[in-house]
Amino acid sequence: ICEKNSIGAVYIALLKRLLKNPSILEEFVTTNDSKKQIVETVVEKISKKEITLLNDKKQDYELSIFETVQLSKGNYTYAASTRVNNSHDDYVMALCLAVKGFTSNNGKYVVRGTTSPNPKLSLREKYN
């Protein structure tokens, strides 16, 4: 799965040329609604213990400063805290996109061309 917004379109074009089977590439357009949906899916899957997070300090930090932000018209979105200097949500959004890709493929993922159907297997278990 690859975000199509901004520079993502350039990477999608490149990947489509480089992949033997470019149809496996799923494009994702980030909007307030689509971001809300993928973030809330991750929250649900974590709370139900359907996914295991990586033991990664950067990911833990970004998750700790990720928050709900009230917008002017009463809506809300999710973002890294603006109260923290130089805050980012890259790891959080990568996690959200990974979960989106995993769930949209019915619990299958591709690692170097092989497909695994085990939805409970964490990345930590897979690579340790």
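The values are calculated or read from the model by the stated rules, or taken from the named source; none is laboratory data. Fair warning: this is a prediction, and the values are worked out from it, not measured in the lab. Cβ sites come from the backbone with ideal geometry, for glycine too, and all protein chains shown count toward neighbours. Note: areas computed on protein heavy atoms with side chains; ligands, DNA, RNA excluded. Shrake-Rupley method; radii C 1.70, N 1.55, O 1.52, S 1.80 Å.
Scoring residue 67 on the criteria (1) crowded, with 16+ Cβ neighbours inside 10 Å; (2) assigned to a helix (DSSP H, G or I) leaves a single failure, condition (2).
Scan the range 31-52 residue by residue and report those that are over 12 Å from the mean Cα position of the chain (by Cα) and either surrounded by 14 or more Cβ atoms within 10 Å (Cβ to Cβ) or touching a residue at least 40 places away in the same chain (Cβ under 8 Å) (or both). Can you show your working first?
Applying the first criterion (over 12 Å from the mean Cα position of the chain (by Cα)) to the range 31-52 yields 31-33, 44-52.
Passing the criteria: 32, 45, 46, 50, 51, 52.
How many residues are closer than 20 Å to residue 71 by Cβ and not hydroxyl-bearing (Ser, Thr, Tyr) when one looks only at the range 1-42?
Adding up the residues that qualify gives 10.
For the range 1-30, filtered to residues that are modelled with pLDDT of 90 or more and basic (Lys, Arg), the residue that is surrounded by the fewest Cβ atoms within 10 Å (Cβ to Cβ) is 17. Cβ separations smaller than 9 Å between residues 6+ apart or across chains give the following pairs from the range 7-24 residues that are assigned to a loop (DSSP other than H, G, I, E, B) to residues that are exposed (fewer than 13 other Cβ atoms within 10 Å of the Cβ) and modelled with pLDDT under 90: 20/113.
If the condition is being of a type in the set (Asp, Glu) and not in a helix (DSSP H, G or I), then the range 52-64 contributes only 56.
If you go through the range 70-83 and pick out every residue that is open to solvent by less than 90 Å² (accessible area, probe 1.4 Å), assigned to a loop (DSSP other than H, G, I, E, B) and of a type in the set (Gly, Ala, Ser), you end up with 2.
Checked against (1) under 19 Å from residue 103 (Cα atoms); (2) in contact with a strand residue (DSSP E or B) (Cβ under 8 Å, 6 or more places away or on another chain), residue 71 meets all criteria but (1).
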